[in-house]
Amino acid sequence: MKERYPSRPLGEVLDGYLQKAGLDGALNHRAAWEKAAGDMIAGHVVSTAVRGWTLQLQAESPMWMKQVQSMEAQLIPRLQAAGLHVTHITVRLSDEAAKRVEKKHR
């Protein structure tokens with residue numbers, strides 16, 4: 001019996017699906033961020049989106065937000081080497097962190 005569809009490696013099938021669904025870019029910017037930032041920083045600051053030439057990040061605390069902001073000049077070349085074509089980084093507090101800070105200042 002002839003196969004209706006030729007078999008392909010699972011990774012190839014998933015890559016095609018993610019690309020069609022428009023999700024491949026999301027995985028790319030997250031992977032590039034984790035590679036460029038390293039485990040320590042990426043464990044506290046996550047990549048949320050790429051808008052134009054800007055990588056948008058969310059930090060779990062003001063300390064991590066300031067740390068990444070101060071390292072922008074070092075992180076941009078690392079991100080570019082990891083395949084992410086950005087020239088700027090913006091960092092904001094995660095919703096949970098913003099609530100903690102607001103509650104603390106009341």
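Just so it is clear, none of the values below were taken in a lab; they were calculated from the coordinates. Being a predicted model, the structure only gives us computed values, none of them experimental. Backbone-built Cβ (ideal geometry, glycine too); neighbour counts: all protein chains shown.
Our coupling estimate for region 32-42, obtained by passing each phi through the Karplus curve with A = 6.51, B = -1.76, C = 1.60 and θ = phi - 60°, is 5, 4, 4, 5, 6, 7, x, 4, 4, 5, 4 Hz, Gly and Pro reported as x. Using the average count of surrounding beta-carbon atoms within 10 Å as a protection proxy, the listed peptides 94-106, 59-71 rank, highest first, as 59-71, 94-106. Note on region 28-104: percent of Cα-Cα distances in each 10 Å bin, starting at 0 and stopping at the bin with the largest distance, equals 21, 55, 20, 4.
Approximating the spin labels as points 7 Å out from Cα along Cα→Cβ, the R106-to-A31 distance works out to 4.3 nm. Simple spin-label estimate for A82 and K66 gives 2.4 nm between the two label positions (7 Å along the Cα-to-Cβ direction from each Cα).
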